[in-house]
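The structure under discussion appears below in the form of structure tokens.
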Amino acid sequence: SDATGTARVVATNGDDVSDARYAFSFCQDVAVGDTIELHWVYSTGAARTGVSDGLSGAFATQNNPYVVVRAQVFKITNNPSDDVADLFVSWNTTLVSDAVRYVGSTTGDKYDNVDRCSPFLVIWHVDRECHRVSARSLDEMCRVMKDNGLSDDLKAHAARQLVPSSLTASALSLSSTFY
């Protein structure tokens, strides 16, 4: 807790040149040195006003909407040179150099690939590179999320187990032009 009694997540990372401590004010359960995957969801079935937590909001107004999820992976640093602007708005297209597009499903842990498969089709656009993001930029994204009522997404969520390779396609659509 700080002097006002507000709890803060404090993160350190000893193997990075930017190993100074960072006190997260808005993001929860993250630390400098962690690797995170961020998702930006676009849907024809989303709520007509505002934004909503998680992928569930993509199905708010339609039973079978067209849903696209863009995903980027980041290592959290405490280095201001790793600032990334506007993380809340969309993935950073200037960082994308090796992307893949594929048809998949939702990632929630209530589906298990055995007894309960996801009924939803999602078009994934995934940047296959791991980028660096400053803790400050990530915390700013969490602040904007909180200001927009997205408190449920201020911390990482569980994901279901990986799909066995026997159930996956062998062909991917590699492109850097679909974003």
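What the table shows:
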{"item": "Full-extension gain in nm, residue 117 to residue 61, via 0.36 nm per residue minus C-alpha separation", "result": "18.0 nm"}
{"item": "Solvent-accessible surface ranking, highest first, for 101, 136 at 1.4 angstrom", "result": "136, 101"}
{"item": "Label point distance in nm, residue 131-residue 98, each placed 7 Å from Cα along Cα→Cβ", "result": "1.5"}
{"item": "Label-to-label distance, nm, for residues given as residue 42 and residue 156 (7 Å Cα→Cβ offset)", "result": "2.7"}
{"item": "Carbon and sulfur %, accessible surface of segment 78-162 computed with the full protein complex present, 1.4 Å", "result": "49"}
{"item": "Inter-label distance for residue 166 and residue 73, nm, one decimal - labels placed 7 Å from Cα along Cα-to-Cβ", "result": "2.6"}
{"item": "Charge dipole magnitude, Cβ of K and R +1, D and E -1 - segment 104-155, Cα centre, debye nearest 20", "result": "120"}
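The values are calculated or read from the model by the stated rules, or taken from the named source; none is laboratory data. Because the structure is a prediction, the values reported are computed rather than measured. Methodologically, a virtual Cβ is constructed for each residue, glycine included, from the backbone with ideal geometry; neighbour enumeration extends over all protein chains shown. Remember, those area values only see protein heavy atoms, side chains included, never the ligands or the DNA or RNA. Shrake-Rupley method; radii C 1.70, N 1.55, O 1.52, S 1.80 Å.
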